[in-house]
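Below: one structure, written as C-alpha coordinates.
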Amino acid sequence: MRFEQFLYITEIAKNGSISATAERLYISSPGISLAISSLEEELGMKIFERSRTGLIPTETGKRLIIKAQEILNCVEELKQEAKSDSSQVTGYITISTNPAMNRSIIPKTVAELKIKFPGISLEIKESTTSQARKDVLNGDSDIGLICNPSTLLEENQLITKTHIIDSKMLICFNKDSELAKKDSLSLEDLHQHPLIATINNYDRKKLFPLVFGENSKLMLNVQVQSQNIETRKHFIAQGLAMGFECLLTINSDCFYRREDIIVKPVLGMNPNFSYYGIHLKSKFFSDASKAFLKELQLQANYLMNHLHQPSI
(Lines give C-alpha, C1' and ligand atoms only; values in the text may rest on other atoms or scores of the structure.)
Protein backbone atom coordinates (compact mmCIF):
# COMPACT_ATOMS: atom_id res chain seq x y z
CA MET A 1 0.00 0.00 0.00
CA ARG A 2 1.41 3.38 -1.02
CA PHE A 3 0.46 6.97 -0.26
CA GLU A 4 -0.06 7.87 -3.93
CA GLN A 5 -2.59 5.04 -4.31
CA PHE A 6 -4.78 6.70 -1.69
CA LEU A 7 -4.44 9.99 -3.56
CA TYR A 8 -5.47 8.38 -6.86
CA ILE A 9 -8.63 6.71 -5.55
CA THR A 10 -9.83 9.84 -3.72
CA GLU A 11 -9.33 11.97 -6.83
CA ILE A 12 -11.10 9.46 -9.08
CA ALA A 13 -13.99 9.34 -6.61
CA LYS A 14 -14.39 13.12 -7.10
CA ASN A 15 -14.34 13.24 -10.89
CA GLY A 16 -15.14 9.65 -11.93
CA SER A 17 -12.35 9.55 -14.50
CA ILE A 18 -8.80 8.18 -14.63
CA SER A 19 -7.89 10.52 -17.49
CA ALA A 20 -9.14 13.61 -15.61
CA THR A 21 -7.24 12.50 -12.50
CA ALA A 22 -4.10 11.93 -14.57
CA GLU A 23 -4.38 15.42 -16.03
CA ARG A 24 -5.00 16.97 -12.61
CA LEU A 25 -2.05 15.18 -10.95
CA TYR A 26 0.31 15.26 -13.96
CA ILE A 27 0.56 11.45 -13.95
CA SER A 28 0.07 9.07 -16.89
CA SER A 29 -3.30 7.28 -17.10
CA PRO A 30 -1.70 3.82 -17.43
CA GLY A 31 0.34 4.52 -14.29
CA ILE A 32 -2.80 5.34 -12.30
CA SER A 33 -4.67 2.29 -13.67
CA LEU A 34 -1.77 0.02 -12.69
CA ALA A 35 -1.58 1.55 -9.19
CA ILE A 36 -5.30 1.00 -8.59
CA SER A 37 -5.22 -2.57 -9.93
CA SER A 38 -2.28 -3.28 -7.63
CA LEU A 39 -4.16 -1.88 -4.63
CA GLU A 40 -7.30 -3.90 -5.47
CA GLU A 41 -5.22 -7.06 -5.78
CA GLU A 42 -3.44 -6.39 -2.48
CA LEU A 43 -6.72 -5.77 -0.63
CA GLY A 44 -8.64 -8.51 -2.42
CA MET A 45 -11.53 -6.18 -3.27
CA LYS A 46 -12.86 -4.10 -6.14
CA ILE A 47 -12.75 -0.34 -5.51
CA PHE A 48 -14.46 0.93 -8.68
CA GLU A 49 -17.01 -0.31 -11.19
CA ARG A 50 -17.07 0.96 -14.75
CA SER A 51 -20.19 2.69 -16.12
CA ARG A 52 -21.14 4.77 -19.15
CA THR A 53 -20.38 7.93 -17.16
CA GLY A 54 -17.01 6.76 -15.79
CA LEU A 55 -15.77 4.98 -12.67
CA ILE A 56 -18.16 4.58 -9.73
CA PRO A 57 -16.96 3.40 -6.27
CA THR A 58 -18.35 0.10 -5.03
CA GLU A 59 -19.99 0.08 -1.59
CA THR A 60 -16.79 -1.33 -0.09
CA GLY A 61 -14.80 1.10 -2.19
CA LYS A 62 -16.72 4.06 -0.75
CA ARG A 63 -15.69 3.06 2.78
CA LEU A 64 -12.08 2.63 1.71
CA ILE A 65 -12.05 6.03 -0.02
CA ILE A 66 -13.30 7.73 3.15
CA LYS A 67 -10.48 6.10 5.14
CA ALA A 68 -7.96 7.05 2.44
CA GLN A 69 -9.08 10.69 2.60
CA GLU A 70 -8.69 10.65 6.39
CA ILE A 71 -5.12 9.39 5.98
CA LEU A 72 -4.35 12.11 3.41
CA ASN A 73 -5.78 14.72 5.79
CA CYS A 74 -3.60 13.45 8.64
CA VAL A 75 -0.49 13.71 6.47
CA GLU A 76 -1.37 17.31 5.59
CA GLU A 77 -1.93 18.11 9.27
CA LEU A 78 1.53 16.76 10.09
CA LYS A 79 3.03 18.98 7.41
CA GLN A 80 1.26 22.03 8.81
CA GLU A 81 2.35 21.24 12.38
CA ALA A 82 5.95 21.23 11.19
CA LYS A 83 5.61 24.91 10.25
CA SER A 84 6.35 26.89 13.39
CA ASP A 85 5.31 30.44 12.40
CA SER A 86 3.02 32.30 10.03
CA SER A 87 5.82 33.26 7.65
CA GLN A 88 6.11 29.57 6.80
CA VAL A 89 2.41 29.17 5.99
CA THR A 90 2.30 28.40 2.28
CA GLY A 91 -0.22 26.91 -0.07
CA TYR A 92 -2.30 27.25 -3.19
CA ILE A 93 -5.99 28.04 -2.58
CA THR A 94 -8.79 27.90 -5.15
CA ILE A 95 -11.82 30.07 -4.40
CA SER A 96 -15.25 30.41 -6.03
CA THR A 97 -16.81 33.67 -4.90
CA ASN A 98 -20.06 35.57 -5.06
CA PRO A 99 -19.71 38.71 -7.29
CA ALA A 100 -20.64 41.13 -4.47
CA MET A 101 -17.79 39.86 -2.30
CA ASN A 102 -15.40 39.81 -5.22
CA ARG A 103 -16.01 43.51 -5.84
CA SER A 104 -15.91 44.63 -2.23
CA ILE A 105 -14.05 42.53 0.34
CA ILE A 106 -11.89 40.16 -1.73
CA PRO A 107 -9.39 42.69 -3.21
CA LYS A 108 -8.46 44.12 0.21
CA THR A 109 -8.35 40.62 1.72
CA VAL A 110 -5.96 39.38 -0.96
CA ALA A 111 -3.73 42.47 -0.59
CA GLU A 112 -3.45 42.02 3.20
CA LEU A 113 -2.95 38.27 2.89
CA LYS A 114 -0.01 38.71 0.51
CA ILE A 115 1.67 41.02 3.05
CA LYS A 116 1.12 38.71 6.03
CA PHE A 117 1.59 35.39 4.21
CA PRO A 118 3.69 35.86 1.07
CA GLY A 119 3.86 32.09 0.58
CA ILE A 120 0.13 31.80 -0.10
CA SER A 121 -1.09 31.81 -3.71
CA LEU A 122 -4.73 32.15 -4.73
CA GLU A 123 -6.86 31.40 -7.76
CA ILE A 124 -10.19 33.25 -7.63
CA LYS A 125 -13.19 32.48 -9.83
CA GLU A 126 -16.29 34.67 -9.76
CA SER A 127 -19.46 32.57 -9.91
CA THR A 128 -23.03 32.30 -8.70
CA THR A 129 -23.86 30.94 -5.25
CA SER A 130 -25.14 27.66 -6.72
CA GLN A 131 -22.00 27.22 -8.86
CA ALA A 132 -19.70 28.03 -5.93
CA ARG A 133 -21.44 25.31 -3.91
CA LYS A 134 -21.04 22.83 -6.79
CA ASP A 135 -17.35 23.72 -7.15
CA VAL A 136 -16.76 22.91 -3.47
CA LEU A 137 -18.75 19.66 -3.57
CA ASN A 138 -16.93 18.56 -6.74
CA GLY A 139 -13.54 19.37 -5.22
CA ASP A 140 -12.84 22.05 -7.84
CA SER A 141 -12.55 24.81 -5.21
CA ASP A 142 -11.12 24.75 -1.69
CA ILE A 143 -13.45 27.52 -0.55
CA GLY A 144 -16.81 28.75 -1.82
CA LEU A 145 -18.14 32.18 -0.89
CA ILE A 146 -21.93 32.18 -1.08
CA CYS A 147 -24.92 34.39 -0.25
CA ASN A 148 -28.27 33.31 1.22
CA PRO A 149 -31.08 34.99 3.14
CA SER A 150 -30.27 34.90 6.87
CA THR A 151 -33.39 32.74 7.39
CA LEU A 152 -32.31 30.16 4.82
CA LEU A 153 -29.94 27.96 6.82
CA GLU A 154 -29.57 25.13 4.36
CA GLU A 155 -27.56 22.36 5.96
CA ASN A 156 -25.38 19.93 4.07
CA GLN A 157 -23.62 17.08 5.87
CA LEU A 158 -20.71 17.32 3.44
CA ILE A 159 -20.05 21.03 3.99
CA THR A 160 -18.71 23.18 6.83
CA LYS A 161 -20.03 26.75 6.82
CA THR A 162 -18.34 29.87 8.28
CA HIS A 163 -20.30 33.12 8.64
CA ILE A 164 -18.61 36.12 7.03
CA ILE A 165 -20.98 39.10 6.94
CA ASP A 166 -24.66 40.13 6.85
CA SER A 167 -25.85 42.69 4.31
CA LYS A 168 -29.18 44.47 3.84
CA MET A 169 -31.16 44.13 0.63
CA LEU A 170 -32.37 47.43 -0.86
CA ILE A 171 -34.46 48.47 -3.83
CA CYS A 172 -32.80 50.58 -6.56
CA PHE A 173 -34.58 52.62 -9.24
CA ASN A 174 -34.33 55.68 -11.47
CA LYS A 175 -35.22 59.06 -9.93
CA ASP A 176 -37.99 59.54 -12.52
CA SER A 177 -39.89 56.52 -11.21
CA GLU A 178 -43.18 57.12 -9.40
CA LEU A 179 -41.54 55.38 -6.41
CA ALA A 180 -39.30 58.45 -5.95
CA LYS A 181 -42.32 60.44 -4.75
CA LYS A 182 -42.82 58.20 -1.70
CA ASP A 183 -41.11 58.92 1.61
CA SER A 184 -41.01 55.19 2.48
CA LEU A 185 -41.59 52.00 0.49
CA SER A 186 -43.41 48.75 1.23
CA LEU A 187 -43.82 45.63 -0.88
CA GLU A 188 -47.33 46.84 -1.81
CA ASP A 189 -45.72 49.90 -3.41
CA LEU A 190 -43.47 47.72 -5.55
CA HIS A 191 -45.65 44.95 -6.90
CA GLN A 192 -46.99 46.84 -9.95
CA HIS A 193 -43.62 48.17 -11.09
CA PRO A 194 -41.37 46.20 -13.49
CA LEU A 195 -38.53 44.36 -11.74
CA ILE A 196 -35.26 42.91 -12.97
CA ALA A 197 -34.47 39.87 -10.81
CA THR A 198 -31.40 37.72 -10.33
CA ILE A 199 -33.26 34.42 -9.95
CA ASN A 200 -35.67 32.32 -12.00
CA ASN A 201 -39.33 31.59 -11.23
CA TYR A 202 -38.62 28.31 -9.42
CA ASP A 203 -36.10 29.92 -7.05
CA ARG A 204 -38.35 32.93 -6.50
CA LYS A 205 -41.16 30.72 -5.20
CA LYS A 206 -38.74 29.27 -2.66
CA LEU A 207 -36.94 32.49 -1.80
CA PHE A 208 -39.61 35.20 -1.65
CA PRO A 209 -41.46 33.78 1.41
CA LEU A 210 -38.17 33.90 3.31
CA VAL A 211 -37.49 37.48 2.28
CA PHE A 212 -40.96 38.99 2.46
CA GLY A 213 -42.76 36.73 4.94
CA GLU A 214 -46.57 37.07 4.79
CA ASN A 215 -46.29 39.72 2.09
CA SER A 216 -44.71 37.22 -0.32
CA LYS A 217 -48.17 36.44 -1.76
CA LEU A 218 -48.08 39.83 -3.47
CA MET A 219 -46.64 38.96 -6.88
CA LEU A 220 -43.82 41.18 -8.06
CA ASN A 221 -43.82 42.13 -11.73
CA VAL A 222 -40.63 40.36 -12.83
CA GLN A 223 -39.98 41.30 -16.47
CA VAL A 224 -36.27 40.50 -16.79
CA GLN A 225 -34.08 37.84 -15.16
CA SER A 226 -30.32 38.30 -15.13
CA GLN A 227 -27.45 37.37 -12.82
CA ASN A 228 -25.22 39.91 -14.57
CA ILE A 229 -24.95 43.05 -12.44
CA GLU A 230 -24.05 45.21 -15.46
CA THR A 231 -27.25 44.15 -17.23
CA ARG A 232 -29.31 45.01 -14.16
CA LYS A 233 -27.67 48.43 -13.91
CA HIS A 234 -28.52 49.26 -17.54
CA PHE A 235 -32.22 48.52 -17.00
CA ILE A 236 -32.28 50.54 -13.77
CA ALA A 237 -30.41 53.49 -15.32
CA GLN A 238 -32.85 53.66 -18.24
CA GLY A 239 -35.83 53.63 -15.89
CA LEU A 240 -37.04 50.34 -17.40
CA ALA A 241 -37.04 48.37 -14.16
CA MET A 242 -36.22 48.49 -10.49
CA GLY A 243 -33.86 45.97 -8.91
CA PHE A 244 -32.90 44.53 -5.53
CA GLU A 245 -29.22 44.75 -4.58
CA CYS A 246 -27.39 44.10 -1.33
CA LEU A 247 -25.75 46.95 0.57
CA LEU A 248 -22.37 45.28 0.04
CA THR A 249 -22.74 45.68 -3.74
CA ILE A 250 -24.20 49.18 -3.53
CA ASN A 251 -21.33 50.53 -1.42
CA SER A 252 -18.67 49.09 -3.70
CA ASP A 253 -20.14 50.44 -6.95
CA CYS A 254 -20.23 54.17 -7.76
CA PHE A 255 -23.22 53.57 -10.07
CA TYR A 256 -25.51 53.53 -7.04
CA ARG A 257 -24.19 56.90 -5.88
CA ARG A 258 -25.27 58.67 -9.08
CA GLU A 259 -27.74 61.53 -8.65
CA ASP A 260 -30.29 59.86 -10.95
CA ILE A 261 -30.31 56.58 -8.97
CA ILE A 262 -32.29 56.17 -5.76
CA VAL A 263 -31.61 53.42 -3.22
CA LYS A 264 -34.08 52.70 -0.42
CA PRO A 265 -34.95 50.00 2.13
CA VAL A 266 -38.31 48.20 1.85
CA LEU A 267 -40.54 48.07 4.93
CA GLY A 268 -41.57 44.57 6.01
CA MET A 269 -38.70 42.92 4.17
CA ASN A 270 -36.31 40.51 5.88
CA PRO A 271 -33.39 42.97 6.13
CA ASN A 272 -30.36 40.72 5.82
CA PHE A 273 -28.69 38.40 3.38
CA SER A 274 -25.83 36.41 4.89
CA TYR A 275 -22.48 35.63 3.27
CA TYR A 276 -20.67 32.41 4.15
CA GLY A 277 -17.45 30.62 3.40
CA ILE A 278 -17.95 26.89 2.78
CA HIS A 279 -15.59 23.96 2.39
CA LEU A 280 -15.77 20.18 2.34
CA LYS A 281 -15.68 18.44 5.72
CA SER A 282 -13.86 15.46 4.23
CA LYS A 283 -11.14 17.53 2.59
CA PHE A 284 -8.17 18.74 4.60
CA PHE A 285 -8.58 22.43 5.37
CA SER A 286 -5.09 23.90 5.19
CA ASP A 287 -3.59 26.65 7.32
CA ALA A 288 -3.49 28.76 4.15
CA SER A 289 -7.27 28.37 3.75
CA LYS A 290 -7.83 29.16 7.43
CA ALA A 291 -5.66 32.27 7.11
CA PHE A 292 -7.69 33.43 4.12
CA LEU A 293 -11.05 33.02 5.89
CA LYS A 294 -9.72 34.76 9.02
CA GLU A 295 -8.49 37.74 6.99
CA LEU A 296 -11.77 37.80 5.06
CA GLN A 297 -13.71 38.08 8.33
CA LEU A 298 -11.42 40.88 9.53
CA GLN A 299 -11.96 42.86 6.32
CA ALA A 300 -15.72 42.17 6.43
CA ASN A 301 -15.97 43.51 9.98
CA TYR A 302 -14.01 46.61 9.01
CA LEU A 303 -16.24 47.17 5.98
CA MET A 304 -19.44 46.78 8.02
CA ASN A 305 -18.31 49.60 10.30
CA HIS A 306 -17.80 51.92 7.33
CA LEU A 307 -20.80 51.15 5.13
CA HIS A 308 -23.06 54.05 4.17
CA GLN A 309 -26.60 53.16 5.32
CA PRO A 310 -29.38 54.62 3.11
CA SER A 311 -32.18 56.08 5.20
CA ILE A 312 -35.86 55.20 4.99
Where the Cα pairs of the chain fall when distances are cut into 20 Å bins, in %: 28, 46, 23, 3
Where a label projected 7 Å from the Cα of residue 180 along Cα→Cβ would reach, residues of the stretch 236-267 with amide N under 19 Å: 236-245, 254-266
Exposed-loop-free span, longest in the chain, where GluC sites (Glu not before Pro) count as exposed if DSSP calls them loop and at most 13 other C-beta atoms lie within 10 Å: 1-153
Farthest towards the positive end of the dipole of the chain, among 228, 32, 184 and with Cβ unit charges of +1 on Lys and Arg and -1 on Asp and Glu, lies the Cα of 184
Run the numbers for residue 234 and residue 304: contour at 0.36 nm per residue of separation, minus the present Cα-Cα distance, in nm. 22.5 nm
Using heavy-atom solvent-accessible surface (probe 1.4 Å) with all chains present, what is the largest-first order of 53, 90? 53, 90
With Cβ to Cβ distances under 13 Å as the rule, what net charge do the other residues near residue 127 carry (K, R +1; D, E -1)? -1
Report the relative contact order of the chain, percent, no decimals, based on alpha-carbon pairs under 8 angstrom and at least 6 residues apart. 23 percent
Can you give the FRET efficiency for residue 108 and residue 38, using 1/(1 + (r/R0)^6), R0 = 51 Å, r = Cβ-Cβ distance, to the nearest 0.05? 0.55
Counting only protein heavy atoms with a 1.4 Å probe and every protein chain in place, the carbon and sulfur fraction of the accessible surface of the chain in whole percent equals 52 percent
Using only the heavy atoms of the protein chains and a 1.4 Å probe, how would 63, 232 rank by accessible area, largest first? 63, 232
Which one of 241, 131, 71 is farthest out on the positive end of the charge dipole of the chain, using unit charges on Cβ (Lys, Arg +1; Asp, Glu -1) and the Cα centre as origin? 241
Using unit Cβ charges (K, R positive; D, E negative) and no other charged atoms, how large, in debye to the nearest 20, is the dipole of the chain about its Cα centre? 280 debye
Just to verify a number: what accessible area does residue 191 come out at with the full protein assembly present, 1.4 Å probe, Å² rounded to tens? 60 Å²
Using a 1.4 angstrom probe, figure out how much accessible area the chain has per residue, in square angstrom, rounded to the nearest whole. 53 Å²
Rounded to 5, the percent of DSSP beta bridges in the chain classed as antiparallel: 60 percent
Among the trypsin sites (Lys or Arg not before Pro) in the stretch 1-33, which ones are in a DSSP loop with at most 16 other Cβ atoms within 10 Å of the Cβ? Mind listing them? 2
Gain in span if fully extended, residue 26 to residue 226, counting 0.36 nm per residue against the direct Cα distance: 68.2 nm
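The values are calculated or read from the model by the stated rules, or taken from the named source; none is laboratory data. None of the values given here were measured: they were computed from a predicted structure. Don't worry about glycine lacking a Cβ; one is built from the backbone with ideal geometry, like all the others, and counts go over all protein chains shown. Surface areas here come from the heavy atoms of the whole protein model, side chains and all, with no ligands, DNA or RNA. Shrake-Rupley method; radii C 1.70, N 1.55, O 1.52, S 1.80 Å.
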